[in-house]
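Peer 1: Take this structure, written in structure tokens, and hold onto it; I'll ask about it next.
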Amino acid sequence: MNKLTFLFILLNLAPVSARSQEKKNDKADSTYKLYQLEGITVTATRIPEPIIEVPLAVTVIGRSQIQSQRGYGLNDALSYVPGVLAQSRSGNQDIRISIRGFGARGAGDRSNAGTSRGVRVLMDGIPETEPDGRTSFDMVDLNAVQNMEVVRSNASAIWGNAGGGVVSISTVPYFEKPYANASAKLGSFGLQEYFFQAGTVVGETRFYANYTTTSFDGWRVNSASERDIVNLGIVSSVSDATTLGVHLVGTRNVFHIPGPLNKTQYDSSAKQANPTYLTRFERRNNKTGRIGVTLEHQINDDHGISAMAYINPKYLQRSERNTYRDFTRYHVGGNVMYRHGWSLFSSVRNVTLIGMDEAYQDGAILFYSLTADGGRGDILKDNKREGANSFGSFIQNETNFDENISVILGLRYDVVKYYNENFINTQLGHQTKSFTGLTPKAGISYRFTEKHSVYANVGGGVEAPAGNETDPAGTLPSDTAYAVNPLLKPIRSLTTEIGTKQILEISGESFFQLITYDAAFYWIQVKNDIIPYKGGRFYFTAGKTQRIGAELGVNLKLDHGLSIQSAASYSANRYVNYTVDSVHYGRPGQSADYKDNKVAGVPDVFYSSSLRYAPERMKGGFIELGFQGVGKYFVDDANSVQVPAYAVFNATIGIDKPVRIADHLFVRAFFSINNLMDKKYAGSAFVNPDIVDGKPVYLEPGLPRNFVFSMTVGWN
């Protein structure tokens with residue numbers, strides 16, 4: 001599909017839908033509640049408010065959209081969100097997430113495995129994102145997810161550092177009676193997953209528990225993984241005005257890293273591992289836990305406060321770059337927010353938020369020699385401390401006029417500070433570096449009806465470089481040793497966006513019964529875009545980058561039990577001002593000007609669509625066909641190395657509604673074939689990769705055709 005054709009379809013789908021006549025009185029079929037904008041409330045914007053009212057691009061993903069998928073990594077859940085590129089690197093939870101280009105550098109070397117950056121991830125209101133902007137997915141279990149909210153607009157004014165987008169996950173179930181579920185999932189390449197879930201109610205208190213154990217042999221050499229996650233919680237209505245939540249999560253996560261291939265290796269045998277990664281038996285062994293406490297108190301109709309606190313210990317072991325590494329860290333933080341609602345006139349109501357966030361992470365890092373079998377050697381090579389602190393305060397005011405106009409004004413101030421102390425190379429001393437940012441936001445939405453709105457917003461963004469980016473590896477003997485890189489500056493961006501959201505219920509006997517669409521157009525100017533080099537071993541900053549894009553999400557409910565879900569994204573991303581010093585490539589004094597080149601690692605086009613057949617006579621049974629496509633993109637700033645485009649087809653048959661087999665017993669199941677056509681493709685790629693023997697090493701192959709069968713038995 002060429003770009004002109006794609007853009008034509010993208011710009012015309014919404015107007016075609018808008019020509020349909022809206023049904024005024026009837027509610028949409030509750031079966032398709034997940035497709036509606038009406039009635040959906042989002043909280044990722046700090047306070048609960050109707051999605052139709054929010055002047056931001058927001059997508060809500062319900063549980064039923066997740067439970068019939070392979071579901072090892074977040075990429076499965078995010079595949080139908082426009083503007084979001086989520087790619088699995090090895091078929092497990094190690095994924096790369098990019099929202100409108102933010103987070104694109106999160107693949108590569110230098111501790112990037114198993115982490116993303118530039119995008120803020122929350123679970124039950126508690127940040128998975130570390131103070132320096134990196135996020136690991138060790139504790140994210142799609143089996144336990146009740147719903148997800150994805151804010152595609154720049155959200156730094158709301159959440160601070162690394163707010164290029166927000167993925168907010170809720171694992172807290174709502175139930176009124178005791179329940180218990182057990183499910184088993186079996187699939188290709190040794191995939192086994194077992195999930196147990198239960199909950200009960202005692203008075204005004206709900207107790208819930210989830211446990212998942214997963215193992216995967218992997219398709220590529222050195223790509224096996226296994227993970228255990230336990231998720232426990234208590235939510236209690238202490239009084240009519242106060243709600244208390246206690247959330248406990250713990251995980252043990254081991255995954256091996258096959259590494260990138262050059263084009264020759266990829267063409268000859270994509271299953272093989274990178275020889276260097278295989279020799280080092282490269283892997284991660286992460287053990288983490290977290291306890292978080294949330295409190296909400298409604299003082300009266302106009303005043304309320306909320307607070308959250310958490311502690312997150314981590315013990316991380318890695319075989320990486322010819323060293324064995326032990327990390328012992330603790331991550332603590334919390335927030336407090338005050339809400340004041342008041343009315344100036346009967347037709348004007350106002351809500352003011354004032355709050356602050358605090359997060360601190362610190363700990364010891366020990367580097368040892370690596371044994372021949374990839375174990376920890378006896379030689380201590382490095383002993384240092386790395387710490388980061390993130391503090392932010394914000395104020396946001398939302399005014400609603402006559403129930404159809406909303407105006408939001410916000411301002412946030414952030415301070416991110418890094419600490420580095422080396423106990424072996426004491427000449428480096430105790431070094432610190434601070435980044436500050438003042439981030440404004442303004443937005444307006446106009447509601448034609450309760451089911452149709454348009455919006456516009458302008459907002460700033462700030463993203464401090466992550467810890468490993470501020471601690472550069474020496475490349476040449478002449479490099480000056482710094483514990484904290486003095487050159488990198490925070491990414492600063494300005495986003496201008498317009499969009500529209502609508503649900504159309506069609507009257508009469510039309511084949512089209514329900515149409516929901518969400519369209520957004522954006523223009524982002526970025527200063528100091530952080531660019532990885534040599535696969536992420538060190539980083540440069542581009543002077544100025546520009547991203548212009550359009551996104552469209554469409555859901556159709558058709559006659560005869562048919563439904564279609566589609567998402568499409570088109571963007572033009574280029575360097576406006578970017579000159580690179582080439583000293584690290586053996587050419588002292590030389591430089592390269594990449595002005596007007598395309599931004600590395602960001603495809604212009606990606607899209608997905610699915611067709612589901614679920615007539616009433618099938619009693620909850622369904623058949624679904626879907627595909628996901630990504631256009632070609634460059635992985636180097638010189639635009640000489642390209643990842644080919646691909647489209648992958650999937651098919652699923654199953655029962656997505658519980659089928660009663662006894663009074664309180666039900667069953668649900670599905671069988672899916674992923675990559676139905678057995679397409680060979682690169683699921684991810686290193687940005688500005690290493691050149692080994694004259695060839696760039698950058699391709700991470702995606703899974704070939706694979707099967708998944710799942711069955712759930714539940715009691716309630």
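Peer 1: List the residue pairs whose Cβ atoms are under 6 Å apart, where the first residue sits in region 419-446 and is aromatic (Phe, Trp, Tyr) and exposed (fewer than 15 other Cβ atoms within 10 Å of the Cβ), the second is assigned to a strand (DSSP E or B) and at pLDDT 85 or above, and the two are 6 or more positions apart or on different chains.
Peer 2: Sorted first by the residue in region 419-446, then by its partner, the pairs are Phe423/Asn383.
Peer 1: Just one of the numbered conditions (1) without any contact (Cβ under 8 Å) to a residue 60 or more places away in the chain; (2) surrounded by 15 or more Cβ atoms within 10 Å (Cβ to Cβ); (3) within 30 Å of Ser406 (Cβ to Cβ) is not true of Val348; which one?
Peer 2: Single failed check for Val348: (2).
Peer 1: Taking Ala592 as the residue in question, decide whether it is touching a strand residue (DSSP E or B) at 6+ places or on another chain (Cβ under 6 Å) and modelled with pLDDT under 95.
Peer 2: Considered against the rule, which asks whether it is touching a strand residue (DSSP E or B) at 6+ places or on another chain (Cβ under 6 Å) and modelled with pLDDT under 95, Ala592 comes out as yes.
Peer 1: Considering only region 147-196, how many residues are touching a helix residue (DSSP H, G or I) at 6+ places or on another chain (Cβ under 9 Å) and not in a strand (DSSP E or B)?
Peer 2: Residues meeting the conditions: 5.
Peer 1: So Thr242 passes all but one of these: (1) surrounded by fewer than 17 Cβ atoms within 10 Å (Cβ to Cβ); (2) closer than 21 Å to Glu130 by Cα. Which condition number does it fail?
Peer 2: (2)
Peer 1: Which of the residues belonging to region 698-716 are surrounded by 21 or more Cβ atoms within 10 Å (Cβ to Cβ) and in a strand (DSSP E or B)?
Peer 2: Answer for region 698-716, where residues must be surrounded by 21 or more Cβ atoms within 10 Å (Cβ to Cβ) and in a strand (DSSP E or B): Tyr698, Leu699, Glu700, Pro701, Val708, Ser710.
Peer 1: Okay, next question. Looking only at region 531-546, filter to residues that are surrounded by 22 or more Cβ atoms within 10 Å (Cβ to Cβ) and in contact with a strand residue (DSSP E or B) (Cβ under 6 Å, 6 or more places away or on another chain); which one of those is farthest from Ser582 (Cα to Cα)?
Peer 2: My answer is Thr545.
Peer 1: Further, regarding this structure: Just for region 459-475: of the residues that are surrounded by fewer than 24 Cβ atoms within 10 Å (Cβ to Cβ) and of a type in the set (Gly, Ala, Ser), which one is modelled with the highest pLDDT?
Peer 2: The qualifying residue modelled with the highest pLDDT is Gly460.
Peer 1: Quick check on region 49-66: of everything there that is of a type in the set (A, V, I, L, M, F, W, C) and not in a loop (DSSP other than H, G, I, E, B), which residue is farthest from Gln396 (Cα to Cα)?
Peer 2: Ile61
Peer 1: Separate question: Within region 646-697, work out how many residues are outside any strand (DSSP E or B) and over 21 Å from Arg220 (Cα atoms).
Peer 2: Counting residues in region 646-697 that are outside any strand (DSSP E or B) and over 21 Å from Arg220 (Cα atoms) gives 6.
Peer 1: With respect to Phe686, is the statement that it is in contact with a Pro (Cβ under 8 Å, 6 or more places away or on another chain), over 30 Å from Pro258 (Cα atoms) and either at pLDDT below 95 or buried (at least 20 other Cβ atoms within 10 Å of the Cβ) (or both) true?
Peer 2: no
Peer 1: Condition (residue is in contact with an Asp or Glu (Cβ under 8 Å, 6 or more places away or on another chain) and over 23 Å from Asn312 (Cβ atoms)) applied to region 99-108: is it met by at least one residue?
Peer 2: yes
Peer 1: Name the pairs: first residue in region 298-325 and at positive phi, second residue surrounded by fewer than 18 Cβ atoms within 10 Å (Cβ to Cβ) and assigned to a strand (DSSP E or B), Cβ to Cβ under 9 Å, at least 6 apart or on different chains?
Peer 2: Asn322/Ser369
The values are calculated or read from the model by the stated rules, or taken from the named source; none is laboratory data. Keep in mind that this is a model prediction, so the values were computed, not measured. Neighbour counts are summed over all protein chains in view; Cβ atoms, including those assigned to glycine, are modelled from backbone coordinates with ideal geometry.
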